[in-house]
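The values are calculated or read from the model by the stated rules, or taken from the named source; none is laboratory data. Source: prediction; values computed, not measured. Methodologically, a virtual Cβ is constructed for each residue, glycine included, from the backbone with ideal geometry; neighbour enumeration extends over all protein chains shown.
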């Protein structure tokens with residue numbers, strides 16, 4: 001079969017687009033922004049995304065950027081750390097917190113300055129009701145990375161559980177200084193401001 005016949009057959013099978021084709025040129029500012037991001041180091045990329053998070057114009061946009069930030073934090077360790085986190089994720093999904101904690105313990109030993117490892121440890125401890133260990137792990141996480149808005153939100157929950165509303169409110173406010181649209185932090189701020197105002201009265 002000749003190449004011309006094959007080409008003709010393929011063209012006959014082609015499905016035309018269901019709607020009009022947009023032939024407008026791409027926004028040059030967006031193209032410049034993407035090109036610039038490709039040349040950033042991981043730390044510069046993180047700084048840029050956190051700045052974008054601070055200035056996000058909607059909760060929906062902030063949620064997308066926050067996911068990017070958390071992904072960048074997770075990527076700060078090496079492949080062995082990623083493997084340990086994956087194993088812990090599986091253990092948590094199948095309901096084996098002891099196995100997950102063993103993976104996190106290896107992770108903390110391997111990468112003691114990896115804030116994600118401490119945050120994941122705290123999440124597991126909170127799910128298991130070990131609030132004291134969770135508080136210690138979260139304190140370590142924010143000492144290693146002071147911009148961890150997710151750790152501050154969990155700190156707020158932990159401090160509320162410990163009946164320390166003023167400290168919990170400060171944790172939520174710290175999260176909002178970094179991620180102004182965080183829904184749990186905003187709800188926590190409102191709840192605790194009302195609670196503390198009521199006590200003052």
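Can you find even one residue in the stretch 72-80 that is over 20 Å from residue 40 (Cβ atoms), in contact with a helix residue (DSSP H, G or I) (Cβ under 9 Å, 6 or more places away or on another chain) and in a helix (DSSP H, G or I)?
yes
Return the residue satisfying two criteria in turn: it lies in the stretch 108-119 and is without any contact (Cβ under 8 Å) to a residue 24 or more places away in the chain and surrounded by fewer than 16 Cβ atoms within 10 Å (Cβ to Cβ), and of such residues it is nearest to residue 137 (Cα to Cα).
We begin by selecting, within the stretch 108-119, every residue without any contact (Cβ under 8 Å) to a residue 24 or more places away in the chain; these are 108-109, 112.
From the residues that got through so far, the ones that are surrounded by fewer than 16 Cβ atoms within 10 Å (Cβ to Cβ) too are 109, 112.
Numbers: 109: 13, 112: 11 Å.
Among them, the one singled out is 112.
Can you pull out the helices (runs of 4 or more DSSP H) entirely within the stretch 104-201 that have at least 1 residues that are closer than 27 Å to residue 47 by Cα and at pLDDT below 95? Break it down into steps so the answer makes sense when it comes.
Values: elements: 115-127, 131-144, 149-161, 165-178, 183-200.
Answer list for the stretch 104-201: none.
For the stretch 51-80, which positions are loosely packed, with under 14 Cβ neighbours inside 10 Å and under 22 Å from residue 146 (Cβ atoms)?
Across the stretch 51-80, the qualifying residues are 51, 55, 67, 71.
For residue 127, are the conditions met, namely being surrounded by 15 or more Cβ atoms within 10 Å (Cβ to Cβ) and within 19 Å of the chain's Cα centre (by Cα)?
Values: surrounded by 15 or more Cβ atoms within 10 Å (Cβ to Cβ): no; within 19 Å of the chain's Cα centre (by Cα): yes.
So residue 127 does not fit the description; no.
Being more than 17 Å from the chain's Cα centre (by Cα), farther than 27 Å from residue 177 by Cα and crowded, with 19+ Cβ neighbours inside 10 Å is true for just one of 105, 99, 91. Which residue is that?
Numbers: 105 fails: crowded, with 19+ Cβ neighbours inside 10 Å; 99 fails: crowded, with 19+ Cβ neighbours inside 10 Å.
Step by step, each of 105, 99, 91 is checked, and only 91 is more than 17 Å from the chain's Cα centre (by Cα), farther than 27 Å from residue 177 by Cα and crowded, with 19+ Cβ neighbours inside 10 Å.
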